[in-house]
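One structure below.
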Amino acid sequence: MKVSTKGRYGLRAMIEIASRSGSGHVPLALVAERQGISGNYLEQVVALLRKGGFIRSVKGAHGGYRLTRPAREIRVGDLLRVLEGSLSVMDGDDPAMAREAAGQDDAVRRAIRAQVWERIDRSVAGVVDAITLEDLVEEARKKGDPGALHYEI
Amino acid sequence: MKISTKGRYALEALLDMALQDTAGYVALNGVGVRRGLSENYLEQIFSDLRRSGLVQSLRGQQGGYRLARDPSRITAGEILRAVEGPLVPVACVADGPGSGASADAARNRKACCPRIDRCVTRGVWIRVTDAMERAADGVTLADLLAETRANLAAASEGASI
C-alpha cells in the first residue's frame, strides 16, 4: 500500500507554495531546490496540481506558482486524490478488482471488499480529509522557519 | 495505496479455509481450486502465515494447514501484516519515532531519508498508517465468515425464486 513519489513530492511542493503564498509567487526552481526534488519531475507533479485547480502559474521574470484559494480550504485528501488518481486500496486497473467492483464476484470476495477494503478506504479518507494544507504549513512553521532549516550543512 | 495480490489472496485463502468448517487440516490444492489461485503462490503465502503463527501445518496425505486459533481472534490486519509486512504507505513510517523502533533503527532511519527529523508530511503518513491499521484490525476472520455466509444465503434465496 504505497503512496507514489507523485503523492509525496506533490504534498511537499504544496506546503512550500502555501508557506510563501503570502509573499508572492514561488518559482518552481526554488521548490525543487528546497525540497530536493528534480526540476523535471517536479514539473510533472505541478502540472497535476494545476489541472486539479489547486495552484496557478504566474508568468514573467518574477513568476512562479501560487494557491488558487486559502490553504485552509484545501484538504490533504483532495490533493492526494489528484496526485495518486485514487485513495482506494483497491486497484482499478487490476481485472480481478474490476470484476469485483462490477459486482460479478463471489460471496468471499464481496465480504472482503465490504468489510476490509471499503472499511480501510473510509478510515483513510476520514483522516486525510480532516487535515488541511494550512495545518501542514502551521506544522512546518513550528519545526522552525522553513527558510532556515532546509539546507543540508 | 494499493493492496498487493499477496494480501488479497491471503485473506481469500484463510476465509476459504475457515468456510470448510472443519477442525482438521485443509489441503492447499483444494483452496487453490476453489479460489482459482495458484498453488505455488499459496505455498509462499501460507509459509508467511505459519511463520507469523496464524496457521499450523501438517505434512503428509491428510496434511495441509489449519487456523492456529479461533477466527474471532484473527484480524484482517494480522493476516495482511503477516504477508505484506507493516501496512505503511511510505517506507519511512516504519523507521524512527512512532514506530516503536530501537536505537539501531533510529540510526538506520537517516539512511531511509535525510529529511526525517524535519519532515512535515511524515506526520500525515503516520496518521494514514494508523487509520489503515485500525480499520484492518477492527475486522476478524469471524466477521468475514459471517458476512460470507450471509452472502451465500442471500444468493441461494435469490436462485430459488
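A few comments on the model shown:
- All told, B:GLY7 meets the bar of being under 17 Å from the mean Cα position of the chain (by Cα), within 11 Å of chain A (Cβ to nearest Cβ) and buried (at least 20 other Cβ atoms within 10 Å of the Cβ).
- Lone unmet requirement of (1) buried (at least 17 other Cβ atoms within 10 Å of the Cβ); (2) at pLDDT 95 or above for B:ASP95: (2)
- Of all residue pairs spaced 6 or more apart or on separate chains, those with beta-carbon atoms under 8 Å, a first member in segment B:139-154 that is polar (S, T, N, Q) and a second member that is loosely packed, with under 15 Cβ neighbours inside 10 Å are B:THR140/B:SER72; B:THR140/B:ARG73.
- Segment A:56-74: number of residues that are in contact with a Gly (Cβ under 8 Å, 6 or more places away or on another chain) and outside any loop (DSSP other than H, G, I, E, B): 4
- Residue within segment A:80-95 that is more than 22 Å from A:LEU11 (Cα to Cα), assigned to a helix (DSSP H, G or I) and either among the charged types (D, E, K, R) or at pLDDT below 75 (or both) present: yes
Yes/no per residue for (1) at pLDDT 95 or above; (2) not in a helix (DSSP H, G or I):
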position: B:ILE45; (1), (2): yes, no
position: B:VAL88; (1), (2): no, yes
position: B:ASP104; (1), (2): no, no
position: B:LYS110; (1), (2): no, no
position: B:VAL124; (1), (2): no, no
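- Which numbered condition A:GLY53 misses (of (1) under 14 Å from the mean Cα position of the chain (by Cα); (2) assigned to a helix (DSSP H, G or I); (3) away from every other protein chain (no Cβ under 14 Å)): (2)
The values are calculated or read from the model by the stated rules, or taken from the named source; none is laboratory data. Quantities reported herein were computed from a predicted structural model and do not represent experimental measurements. Cβ: placed from backbone, ideal geometry, glycine included. Neighbour counts: every protein chain shown.
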